[in-house]
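This report refers to the structure that appears directly beneath it.
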Amino acid sequence: MAQIADVIGEIEKRRKEQILRLLAEPDGLTWCHEHTNLVDEAILAIFHHLQSPHPALAGVDIVATGGYGRCELAPYSDVDLTLIPPDESSPELDRAIRAFFQELHRSIGTVLGLGIGYAYRLISDAPGLDAKSRTGLVDARLLAGQGRQFMALNEQLDATMAAGEFILAKIKEREAAFARTHETPLVVEPHLKEGAGGLRCFHCANWIRQAIGEREAKPTRAFEHIIRTRNILHAIAGKPQDLLTRSRQEELFRRTGRDPDAGMSDITLAACDLHRNYQHATEQLQDSRFSLSRSVLYTRGEARILDESDAGESAVGIAMATALGLRVSDLQPSPGGKTSGAAAAYAVSTGEATLRNLDKAGLLEHLLPELTRCRTLMPRDNVHRYTVFEHTLQVVRWLDHIPPASFLADIRDGIHDLEPLYLAALVHDIGKFDESRPHSETGSEMAAKICERWHLSQDAAEIVRWLVAEHLTMMRFIRLRDLQNPETIREFTNIARDRTHLDLLTLLTWADVNAVAPGAWTSAQESFLQDLHRRTSEAMEAENPVPFDAAQHRQRLMRQLREEVPEADLGRFVESLPPYYLASTPPNLVKLHYQLVKKAQNGESTVEAFTQNEINATDITVCTRDAKGLLSRLLGIFYAFDLSVSGIRACTTETDDPVALDTFTVSYGGRPVPNATRASISSAILAVLKGERLTADIMRERGKDPDRDQEDFSYTFIPGTPAVLEVRAPRGRGMPYRFSRLIAAQGWNTFAARVGQWADSAAATFYIGSGDGERLTKEAVEAVLGKR
């Protein structure tokens, strides 16, 4: 240890000298390369130092990612690393990785004073990685190891790359960054990394070029100027600061001896150049050739559907083209016989512009002939302005443009899944083709058949059918019933069932009436609608009170974080946990988790939740004594509350009295989980852990079938210790629960799991082993899942 400490100490001395030289002689990429090389030297020293006591570390590939991978390490940039171990795990490898992370934090984090970002990736993770995770690996370079896993991971990333969705994700990230910082480079206080004209504009332009098969641009003089300015700003601030404030400008130009006005003018001109570079890359899409989905190719200036393609996958490709502002071909393809309903439901939920393009491409006729045959169907009243078909698209237009800062926007923001709403809007009036019965009755039956044809989940199908059947009900209550009468509210509450149904019906009612004709919706009707929604919501909440004080809970949590933990005890705690815990848990949470494990060992289960605003999600940590089937019970509760699970870190202490420390990254409709929902989930989990409630009962109460099996899926099994079970299925939230329940039912153990949504499918990887300590065999898995 003394030897590596001396090496790191010498490197830290040289790093300080580098920063002093930077302040005396400002420099850009050349300085970044030298700084990167110095950090490389430190990490390689750690890697080689640990190989003697931990020879298994030699089998791990250490990869530099992000700015570190690009050799653009500013004075206080984070050092981003990805570890790619062999698929075959072992106790020796676990100990080696644990030792590497501990030394990394001590040497790089404490001694060099640099932030550390790290990921733990297996090759089998590649298909489920989203655009953000993939981006970090685009600029990756091998730092240590033989490179076999790194090469295999890159091959898998290339094979599963969806260019259209990747490009769209990058553009949306830029738009979000511009909204947080500034959307023009012509600002007084520029953000040198994320703002318009910042370094990320240049990076994103190259990522887009790589996605469409174009050659990436070399760093320009403008890029060099911005990166040099950023280097000096970091050095002056003594921390990772990228916002060039007025006060920092004065100090920066005083040190460089430049006139502030002239200096800021040069920075602004360089930023304008980088911003034009990004804009040019997005404009270049119009003249490029690339895949929008497996069924749609963009070529010769238009998106074209390939013959004999899956109609649902084709719809996703058209949705991508629409979002990117690309022209869609009106050449009618010859569609294949298959329609991925989950993909189609996603595509139609992306809005009116997509639907117009689907119609233009002839795909809407294939997906929803019940709707397109209403193209010229005239309404049987003197109120509607449009044909049934056009009225339907107008309803979608209103859903797309719900007024911001309104009670309707608040409702929409609380809905976890808008797909059933959009599909119900598309089919709500198709029953008008049959005049023998009320169109809401006929339409609901037709909607049920469409959902069956698309193989949608029972939950989604039920909501769509119900919305079509009741799409006139709320307006009828507004027009004809006394909303002050408690019996009216009680009756409507029974019809609405729960908050999800109520919220969806409220939005559909508002959009449907607005789309009838200009002036059909009045301010009085909006007031009545809001009143009915509020009163019904209160009636529902009165039946299910939430006894939870979020503020008091957070204060208690912060007090725990400040408690001192004996170093020896903390060390034993870290030693008891698997390596992926170290690779996925921020250091500031380790002490909290120590306290949670101590409580669990004393019989007290804990549920903690943290909002992750930067990824629009919530981390929910459950700490309790381990038990068979624990993971499936927890996933069942999340499924019951309509949460989307994107990540699972299931850890169990390696002690005589094992404790489960499981962290779930979840979201509610693409956003962090609301406080009230968090409280209800925490109460439900604790009730299940105490034996007071059953997960199955909670699921049934919330309209979920706990016994339903996953019918549509494919899988790959990789034997090992642990074994890897990769699952592919249509988009949906229930798959992780169903497979974890199936795994638990066999007596198998789940050591970790990862979940991802990418393009039109869901992917999950379960790291499992047999319950008797023997290796899990392919034959045993096939006996349960079948050969696929």
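Hey, quick one: spin label on Asp707, modelled 7 Å out along Cα-Cβ, who in region 450-493 has an amide N within reach, i.e. under 20 Å?
457-460, 462
Could you give each residue of region 525-532 its phi-based ³J(HN,Hα) in whole Hz, using Karplus coefficients 6.51, -1.76, 1.60 with θ = phi - 60°, and x for Gly or Pro?
In residue order, the calculated couplings are 4, 5, 5, 5, 4, 5, 5, 5 Hz.
Once label points are set 7 Å from the Cα along Cα→Cβ at both Asp158 and Ala745, what is their separation, rounded to one decimal in nm?
In this crude label model, Asp158 to Ala745 measures out at 4.1 nm.
Pop out the Kirkwood hydrodynamic radius of region 60-164 from its pairwise C-alpha distances, inverse of mean 1/r, in Å to one decimal. Spell out each step's value before the answer.
Working: mean 1/r = 0.0694 Å⁻¹.
One decimal place: 14.4 Å for the Kirkwood radius.
So how do Cys451, Cys272 rank on accessible area, 1.4 Å probe, biggest first, that is with the largest at the start?
Details: Cys451 5, Cys272 25 Å².
Descending accessible area places them as Cys272, Cys451.
What ³J(HN,Hα) values, in whole Hz, does the Karplus curve 6.51 cos²θ - 1.76 cosθ + 1.60 give for region 176-192 when θ = phi - 60°, with x put for Gly and Pro?
5, 5, 4, 5, 6, 10, 7, 8, 9, x, 8, 10, 7, 10, x, 8, 6
Would you mind checking region 135-169 for residues with the amide N under 18 Å from a putative spin-label position 7 Å along Cα→C-beta of Gln18?
From region 135-169, the list is 141-144.
Express in nm, to one decimal, how much length is gained between Leu186 and Ala627 on full extension, taking 0.36 nm for each residue of separation and deducting their alpha carbon distance.
Working it through step by step, the gained length comes to 152.9 nm.
Give me the mean projected area, in nm² to one decimal, of the convex hull enclosing the Cα positions of region 314-363. The partial results should precede the final answer.
Details: hull surface 12.4 nm².
Here the figure is 3.1 nm², rounded to one decimal.
Please express the Cα-Cα pair-distance distribution P(r) of region 661-713 as a list of whole percents, one per 10 Å bin, running from 0 to the bin with the greatest distance.
P(r) for region 661-713, in whole percents per bin: 19, 41, 35, 4.
Would you mind listing how long region 631-788 runs along its three principal axes, going by Cα atoms, in whole Å with the largest first?
Extents along the principal axes, in whole Å: 45, 43, 25.
Under a plain spin-label model, where a point goes 7 Å from the Cα along Cα-to-Cβ, how far apart in nm are Met540 and Asp330?
4.4 nm
How large is ³J(HN,Hα), in whole Hz, for each residue of region 235-241 in order, when computed from phi with the Karplus curve 6.51 cos²θ - 1.76 cosθ + 1.60 and θ = phi - 60°, using x for Gly and Pro?
5, 5, 6, x, 6, x, 10
Once the piece of chain linking Asp569 and Arg700 is laid out straight, how much longer is it, given 0.36 nm per residue of separation minus the C-alpha distance between them? Could you put the intermediate results ahead of the total?
Working: separation 131, 0.36 × 131 = 47.16 nm, distance 4.29 nm.
Taking 0.36 nm per residue and subtracting the Cα distance, the gain is 42.9 nm.
When all alpha-carbon pairs of region 585-712 are counted, what percent fall beyond 22 Å?
35 percent
Amide H to amide H, which residues 5 or more places from Asp626 or on other chains are under 5 Å from it, using H placed in the peptide plane?
Val659, Ala660
Which value, in Å² rounded to 10, gives the accessible area of Met475 with a 1.4 Å probe and all protein chains present?
It works out to around 10 Å².
Could I get the Rg over Rh figure for region 442-537? Both from C-alpha atoms, Rh via Kirkwood, rounded to two places. All intermediate terms of the calculation are to be shown ahead of the outcome.
Numbers: Rg = 14.2 Å, Rh = 14.2 Å.
Rg divided by Rh gives 1.01.
Considering Cα pairs under 8 angstrom that are at least six residues apart, work out the relative contact order of the chain and quote it in whole percent.
Relative contact order comes out at 9 percent.
I need the calculated FRET efficiency for the pair Arg248 and Asp413, taking r as the beta carbon distance and R₀ as 35 Å, to the nearest 0.05. Mind dumping the intermediate values first?
Details: r = 36 Å, r/R0 = 1.04.
In this case the efficiency is close to 0.45.
Please list Ile46, Ile123 in order of solvent-accessible area, largest first, computed with a 1.4 Å probe with all protein chains present.
On the way: Ile46 0, Ile123 35 Å².
Result of the area sort, largest leading: Ile123, Ile46.
Quick one: of Lys628/Lys778; Lys591/Lys628; Lys172/Lys338, which pairs are farther than 29 Å apart, Cα to Cα?
Beyond 29 Å: Lys172/Lys338.
Working out 0.36 nm times the residue gap between Asp381 and Asp772, then minus their Cα-Cα distance, what length gain in nm do you get to one decimal?
133.7 nm
Quick one: if you stick a label point 7 Å off each Cα along the C-beta vector at Leu269 and Ala780, how many nm between them?
Computed distance between label sites Leu269 and Ala780 equals 7.0 nm.
Report, please, the projected area of region 227-377 averaged over directions, based on the convex hull of its C-alpha atoms, in nm².
For region 227-377, averaging the hull's shadow over all directions gives 13.4 nm².
When only alpha-carbon atoms are used, what values of Rg and Dmax, in angstrom, describe region 335-380?
In order Rg, Dmax, the Cα atoms of region 335-380 give 11.5, 36 Å.
Name the residue from Ala271, Val645, Ala425 whose Cα lies farthest towards the positive end of the charge dipole of the chain, charges +1 on Cβ of Lys and Arg and -1 on Cβ of Asp and Glu.
Ala271
Where nothing but the Cβ of Lys and Arg (+1) and of Asp and Glu (-1) is charged, how large is the charge dipole of the chain around its Cα centre, in debye to the nearest 20?
640 debye
Return the Rg/Rh value of region 133-284, two decimal places, where both radii are evaluated on C-alpha atoms and Rh is the Kirkwood radius.
When Rh is taken as the Kirkwood radius, the ratio is 1.03.
How high is the relative contact order of region 16-97, given as a whole-number percent (alpha carbon pairs under 8 Å, six or more residues apart)? Kindly include the intermediate steps, with their values, before the conclusion.
Details: 70 pairs, mean separation 26.2, N = 82.
Relative contact order here is 32 percent.
Name the long-range amide H neighbours of Ile116: under 5 Å, sequence gap of 5 or more, or other chain; modelled H, no Pro or chain starts.
Val79
Apply the a/c threshold of 1.5 to the C-alpha gyration tensor of region 611-651 and tell me whether it is rounded, prolate or oblate.
The shape class here is oblate.
Can you work out the PRE-style zone for Gln146? Point 7 Å along Cα to Cβ, and I want the residues of region 693-721 with backbone N under 20 Å.
Hits in region 693-721 for Gln146 at 20 Å: 719-721.
Please report the projected area of the chain's Cα convex hull averaged over all directions, in nm².
About 36.2 nm², averaged over all directions.
In terms of modelled amide H atoms, which long-range or inter-chain residues lie less than 5 Å from the amide H of Leu143?
Under 5 Å from the amide H of Leu143: Ile62, Val63, Ala64.
What three numbers, in Å, describe the spread of the alpha carbons of region 233-276 along their principal axes, ordered from the longest?
Sorted largest first, the three principal extents are 31, 23, 14 Å.
Apply the Debye scattering formula to region 1-147, with a single equal point scatterer on each alpha-carbon and no solvent, then give log10 I(q)/I(0) at q = 0.14, 0.19, 0.21 Å⁻¹.
Relative scattering, expressed as log10 I(q)/I(0), comes to -0.68, -1.17, -1.36.
The values are calculated or read from the model by the stated rules, or taken from the named source; none is laboratory data. Because the structure is a prediction, the values reported are computed rather than measured. Every residue, glycine among them, receives a Cβ derived from its backbone with ideal geometry; neighbour counts consider all protein chains shown. These accessible areas exclude ligands, DNA and RNA; they are computed on the full protein's heavy atoms, side chains included. Shrake-Rupley method; radii C 1.70, N 1.55, O 1.52, S 1.80 Å.
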